[in-house]
Amino acid sequence: DGLGRTEKRDLVNRLVFSLLVLLAGLFFTGSITCGQDPTFQITSPDQTLSAGLSPVTFSATFSIEQTNTPTSSTSGFTFSFEHDPLVLQVVDPYFIDRTAASPFQGDLAALNAGTGPDFVSAEILVNGFTFGVIYDFTLQQSITFEAVKPVIEVDYSTNGVLSNLPFTTTVIPAELGSPPLATVVAIPPGVTAPTIALPFEITFTPTEDCN
């Protein structure tokens, strides 16, 4: 059918994740609604990195913050970020092998007695990645984002050696995957809150010659 084992696994994970979100909403409210309040923002800071005669590897930390009050509990989230495939690639091992060290940070890593969220959908694409979690299947655990809180750290690498430095590339929010994964934060019971993700820049500068 043209799909390899990894592609089939990622497709199944995406479909299961979508089904779980749908069932959670129907179970608690009888329908899926789109909340008008609160609102959330997903960000990663700009970085400036030295680039020499070898590929550059680095990590980008993605954080979530609720931008208004009162603070709401959340039960999961999804987002995707896109990069220029001529410049960057995602190399985080967890996206390929769930037995690798997890990228979870802060409160997300502390869920379920330190084992992290019950369900994860994570996929590497040529031009970006998708990531989504449900904290726990019973919807008893939650996270609040009254301040900027890191949730995952994703490993990147440049595609070979960069020239014409300094050089800046932008990583942008997008709806990637098939079907496309929306950028949302879920609030029990069964509500998806308005969520925006912001682009960030990676600037590469020449390595200083100290000789």
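The accessible area of D118, taken with all protein chains in place and a 1.4 Å probe, comes to roughly 70 Å². What the Cβ-Cβ distance of L53 and L198 gives, at R0 = 45 Å and to the nearest 0.05, is a FRET efficiency of 0.85. Taking the 1.4 Å solvent-accessible surface of the range 114-191 as the whole, the part contributed by carbon and sulfur is 56%. Model label points for I172 and A110, set 7 angstrom from Cα along the Cα-to-Cβ axis, are 3.6 nm apart.
Normalised per residue, the accessible area of the range 130-211 is 48 Å², obtained with a 1.4 Å probe and no contribution from ligands, DNA or RNA.
The values are calculated or read from the model by the stated rules, or taken from the named source; none is laboratory data. Predicted model, so just to flag it, every value in this text is computed and none were measured. Please note: Cβ atoms are built from the backbone with ideal geometry, for glycine as well, and neighbour counts cover all protein chains shown. Calculation scope for accessible area: heavy atoms of the full protein, side chains included, ligands and nucleic acids excluded. Shrake-Rupley method; radii C 1.70, N 1.55, O 1.52, S 1.80 Å.
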